[in-house]
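S.K.: Dropping a structure here in structure tokens format, bear with me for questions.
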Amino acid sequence: MIRIIKIIFLLFLTFFSENLLLGAEELRFEKLSPQWLPVNLPDNLQFSGAVGSRFKIIARVKNSVISPGSAFDFEVELNSVGKVLVPPGDIDVDFSFGGNQAFKIEPLPERTEAGPARWRYFFKLWPSKEGHLVVPEIAFAYINPDIPWVEKRLMIDFSDSIEVEVLQREIFAMDFRGPDVVFDVEELRKSPWINSVKLIGFSEFVWLFFTPPFVGIFIWSITRFYKSLEALKERGRISWMVDSLLELKSQPVDVQADRIFNLMQEYIHRSCGISGVITSNEISAGGFSKLLSAEESLGFSMFFNQIEAVKFNRVPTVINSNLVDQAIGWIRILEVRR
């Protein structure tokens with residue numbers, strides 16, 4: 001009896017072990033079995049090795065306008081829509097670009113990105129023509145295990161084609177003929193007058209200052225400068241001051257006070273060498289002690305006080321006074337004392 005039980009147990013164990021091995025074999029078979037090898041694969045198209053319910057392929061370029069002679073980036077992206085039993089390997093671009101004479105493609109395997117549901121492949125495209133070109137569709141062959149018919153499991157998806165524009169090179173007209181006259185370079189180095197200037201460290205641009213426009217501007221500037229100096233000297237002379245003051249005789253008293261104040265400032269600055277704005281306070285404080293006595297300084301201060309009263313305060317206190325004659329008198333005293 002025991003022996004019969006042992007035999008039954010061994011038979012059961014053997015059957016169970018075979019089922020376990022069969023299950024493992026079927027699992028491996030699901031991934032590696034020859035049944036996943038594609039049937040009716042088009043000529044020259046390489047199988048990607050991918051086994052999954054559904055994949056979506058997308059191709060893109062970074063720039064659609066390309067400079068002549070330049071390469072541009074080309075990217076192919078795969079996205080799985082369902083379960084993936086075997087991930088894809090390399091993308092077959094030779095099938096699409098094999099007969100295409102417009103581009104030369106260069107794979108960049110070091111930039112490949114692989115994930116559980118997304119794969120990205122990068123390439124360099126070198127256009128061999130100019131104008132409007134079309135990047136062809138990329139074919140992607142994979143097996144869909146959800147289809148029960150083996151002969152129908154092969155699926156091929158294509159990316160969209162992409163239009164790019166390769167700009168044309170600019171063409172310049174060139175004369176390849178040599179000059180009709182051959183110059184003696186060594187003789188030219190000896191003769192040009194410009195070289196004599198360069199030898200002493202000048203640039204040829206220095207000769208611009210010897211052209212008639214620059215010479216004329218230079219002479220006009222010097223003349224204007226000396227005329228300005230003469231005008232400045234003239235304003236420091238008593239004759240110029242007297243003439244300027246006599247012109248104020250017919251003006252209203254407020255205009256006289258304003259103009260006399262300004263003329264006196266200019267005369268004192270240029271003839272007496274005193275700077276700053278001269279007022280009655282400066283005169284009372286001894287600003288003219290080297291030129292005037294104490295009584296004269298007091299009178300000069302009172303004169304300025306009258307001018308300031310009309311100029312700054314608009315007080316007509318000196319309507320009956322002759323401001324012009326007083327100014328001329330004080331200028332004559334200062335002219336003698338200085």
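Quick note: the coordinates plus some simple rules give every number you see, no bench work behind them. Just so it is clear, the structure is predicted and the values come from calculations on it, not from any experiment. Every residue, glycine among them, receives a Cβ derived from its backbone with ideal geometry; neighbour counts consider all protein chains shown.
S.K.: Label residue 169 and residue 269 with points 7 Å out from Cα along Cα→Cβ: what is the distance between them in nm?
M.R.: Spacing of the two 7 Å Cα→Cβ label points: 7.1 nm.
S.K.: Now for a different question. Quick one: if you stick a label point 7 Å off each Cα along the C-beta vector at residue 73 and residue 150, how many nm between them?
M.R.: Result for the modelled spin labels: 4.4 nm.
S.K.: Separate question: What does the extension gain come out to for residue 104 and residue 224, with contour length at 0.36 nm per residue minus their alpha carbon separation?
M.R.: Result for the pair: 35.8 nm of gain on full extension.
S.K.: Something else: Enumerate the calculated ³J(HN,Hα) couplings along the range 267-273 in order (Karplus 6.51 cos²θ - 1.76 cosθ + 1.60, θ = phi - 60°), each rounded to whole Hz, writing x wherever the residue is Gly or Pro.
M.R.: 5, 5, 5, 7, 8, 9, x
S.K.: Oh, and also: On the first, second and third principal axes, largest extent first, how far apart are the outermost C-alpha atoms of the range 66-139 in Å?
M.R.: The principal-axis extents, from largest down, are 43, 22, 17 Å.
S.K.: Once the cut-off is 20 Å, how many percent of the Cα-Cα pairs in the range 236-337 end up in the long-distance tail?
M.R.: Result for the distance tail: 32 percent.
S.K.: So, one more: Of the listed peptides 323-335, 247-259, what is their order by residue-averaged count of other C-beta atoms within 10 Å, with the highest listed first?
M.R.: Output ranking for 323-335, 247-259: 323-335, 247-259.
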